[in-house]
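The structure under discussion appears below in the form of structure tokens.
The values are calculated or read from the model by the stated rules, or taken from the named source; none is laboratory data. Note that the structure is predicted; figures quoted are calculated from it, not measured. Methodologically, a virtual Cβ is constructed for each residue, glycine included, from the backbone with ideal geometry; neighbour enumeration extends over all protein chains shown.
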């Protein structure tokens, strides 16, 4: 593993090494290379913005952010993001990391596919979303100089990434499509699962057994 890429030092603490080993064991080379790029792209974005970042926490978040897709950590009913967040929090607690710090990592992973919200929170949370978006869909690359992009890709190439990551997503959450609602992951399910119909919020509202009344009671002022 390269120690410094694009001027970013990859954490090499015991905690970081063990997180990397877990990802290598259960996620394979595809997710390992992707997660390292996510860390590096996010860290470069943080440098561009002049943010103070806890790089060890951010690195652990990057290593765990897709582990909820893997056979070891995925569940039947949670979003894969929540599965990865839960695994990371347990990992950090067993290593004596305080609940506040573990909570930052949990939030970063749980929110890493959620638009906008992560950018209102701590840098580690925002940058996991930023690094993921840069590597998967190219959003935010304007904050990553061309030379830095080339250095990251030279260290951790995107080999057959476009097809392989979609297959990994399908394996990881295709059997629980209802958990993808509210993220772009629903697009992947629609494209790869014949006959899948996205749940529409209007249908859920109409099906709510709490039925309304034709007009508000007299003691409730009408909305203007």
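Per-residue answers, yes or no, for (1) in contact with a strand residue (DSSP E or B) (Cβ under 9 Å, 6 or more places away or on another chain); (2) at pLDDT below 95; (3) farther than 18 Å from residue 41 by Cβ; (4) not in a helix (DSSP H, G or I):
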| residue | (1), (2), (3), (4) |
| --- | --- |
| 86 | no, no, yes, no |
| 89 | no, no, yes, no |
| 149 | no, no, no, no |
| 163 | no, yes, yes, no |
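Using the structure shown, decide if residue 221 is surrounded by 10 or more Cβ atoms within 10 Å (Cβ to Cβ), modelled with pLDDT under 85, more than 13 Å from residue 80 (Cβ to Cβ) and more than 31 Å from the chain's Cα centre (by Cα). It is false that residue 221 is surrounded by 10 or more Cβ atoms within 10 Å (Cβ to Cβ), modelled with pLDDT under 85, more than 13 Å from residue 80 (Cβ to Cβ) and more than 31 Å from the chain's Cα centre (by Cα). Residue check: residue 181 meets all listed conditions (1) under 15 Å from residue 68 (Cβ atoms); (2) surrounded by fewer than 17 Cβ atoms within 10 Å (Cβ to Cβ); (3) at pLDDT below 90 but one, namely (1). Using the structure shown, decide if residue 118 is in contact (Cβ under 8 Å) with a residue 24 or more places away in the chain and in contact with a helix residue (DSSP H, G or I) (Cβ under 8 Å, 6 or more places away or on another chain). For residue 118, the condition - in contact (Cβ under 8 Å) with a residue 24 or more places away in the chain and in contact with a helix residue (DSSP H, G or I) (Cβ under 8 Å, 6 or more places away or on another chain) - is not met.
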